Every structure is written in structure tokens, then in C-alpha cells.
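Colleague: The structure follows.
The values are calculated or read from the model by the stated rules, or taken from the named source; none is laboratory data. Everything numeric here is computed off the predicted structure, so don't read it as measured data. Don't worry about glycine lacking a Cβ; one is built from the backbone with ideal geometry, like all the others, and counts go over all protein chains shown. Just so you know, the surface numbers come from the protein's heavy atoms only, side chains and all, with ligands and any DNA or RNA stripped out. Shrake-Rupley method; radii C 1.70, N 1.55, O 1.52, S 1.80 Å.
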Amino acid sequence: MFKDLLKQVADERGMNNAVLAKALDVAPASVGYYLSGKVNPPDKKKEQFALSLGLDADFFKRGEIDKDIAVIGYKLPIDMAARLMGISDDTLRKGLQDGVFPFGYAVKTSKKWTFWISAPRFTQETGIPVPMK
């Protein structure tokens, strides 16, 4: 079910509702409705959400999380993304913290920043292909 998968992805990545809303480009109240099951978005929206989170477009249709694909296969490391873009790691980190780059996000927990870059979204937004392992 969509709400369960969305919650599981958010929990695994340590995302609160505000961070999840920013990653999905929706209002925080919408995230609450999705997570409660009060609103089930249309399939096209689910595809957009999946891509925004660095998942296969059909992720929310499959009904289960394949952790190898969900986390490892679609997360682009900061150093690789920066190298592909021709910028420094620090510039990319700052841009993610400021919400400048739509292909990822930054989450601050206490004094540490955690970064997530969606490989499919990176290619979609920048036009730069990500080398496969």
C-alpha cells in the first residue's frame, strides 16, 4: 500500500514530514494525508514521487521494497555527482542544503548533515548520464 511504502522509505532515510515534503515538492500537510492513508495520489503522481526519491518509477506499484534497489542502486554519492557536474563537493553540499538542486536533499540531524542524491533524477535534471557500476 502506498502509505506504508512511503512511510518505510522515509523512516529508512531518517526523513521527517517536512523533509519528505521538500523532496516530493508538496506541502507538508499533503505528506500527512498521504502517510495517514486519507489521500492516495494518482499513479502519475506516485511515479513522480518515486523518481524524486531516487526509486524506480513503478516503485509504489510493486508493493514491496527491494532494499538493494531502493537504497544502493539509485543513490548517487556526493563526490561522483560533483565530479560529473564539474563542481566541488562542498559546493554541491551547500546547494543541497539550500535546496538549489532539485535532484537531491540534505537533512540535518543534531550537528551532522546527511545527503541524498537521486541518480535517475540527477540525470533527468542535469542531462548528465550516471555511469553504471
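Colleague: Can you give the extra length, in nm with one decimal, that the chain gains between K108 and K45 once fully stretched, where that is 0.36 nm per residue apart less the Cα-Cα distance?
Modeller: Gain on stretching K108 to K45: 20.0 nm.
Colleague: What are the ³J(HN,Hα) values, in whole Hz, obtained from phi via the Karplus relation 6.51 cos²θ - 1.76 cosθ + 1.60 with θ = phi - 60°, for each residue of segment 38-49 in sequence order, with x given for Gly and Pro?
Modeller: Each residue of segment 38-49 in turn: 5, 10, 10, x, x, 4, 4, 5, 4, 5, 4, 4 Hz.
Colleague: Mind putting a number on the dipole of the chain about its Cα centre? Charges go on the C-beta only, +1 for Lys and Arg and -1 for Asp and Glu, and I need it in Debye to the nearest 20.
Modeller: The calculation lands at about 300 debye.
Colleague: Could you list which residues have their amide H under 5 Å from that of V39, counting only those 5 or more apart in sequence or on another chain, with H placed in the peptide plane?
Modeller: Answer set, sorted by chain and number: Y34.
Colleague: Okay, helix-only estimate at 222 nm for the chain: each DSSP H run of n ≥ 4 adds -39500 (n - 2.57), divide by all residues, round to 500 deg cm²/dmol; what do you get?
Modeller: Here the helix-only value at 222 nm equals -14000 deg cm²/dmol.
Colleague: Using a 10 Å cut-off on Cβ atoms, rank the peptides 108-117, 30-39 from the highest mean neighbour count down. Please report the intermediate quantities before stating the final value.
Modeller: Numbers: 108-117: 12.3, 30-39: 15.5.
Ranked by mean Cβ neighbours within 10 Å, highest first: 30-39, 108-117.
Colleague: Here's a follow-up. Can you tell me the relative contact order of the chain? Whole percent, Cα pairs under 8 Å, sequence separation 6 or more.
Modeller: Over the chain, the number comes to 20 percent.
Colleague: Classify the chain from the C-alpha gyration tensor, please: rounded if a/c falls under 1.5, else prolate or oblate depending on whether a/b exceeds b/c.
Modeller: Values: a/c = 1.90, a/b = 1.43, b/c = 1.33.
Judged from the Cα gyration tensor, the chain comes out prolate (a/c at least 1.5, a/b above b/c).
Colleague: What distance in nm separates the simple spin-label points at M80 and N16, each placed 7 Å from Cα in the Cβ direction?
Modeller: About 3.1 nm separates the two model spin labels.
Colleague: Rounded to a whole number, what % of the accessible area of the chain do carbon and sulfur atoms account for, probe 1.4 Å?
Modeller: Of the solvent-accessible surface of the chain, carbon and sulfur hold 53 percent.
Colleague: A follow-up question, please. Once label points are set 7 Å from the Cα along Cα→Cβ at both I87 and A29, what is their separation, rounded to one decimal in nm?
Modeller: For the pair I87/A29, the computed spacing is 3.3 nm.
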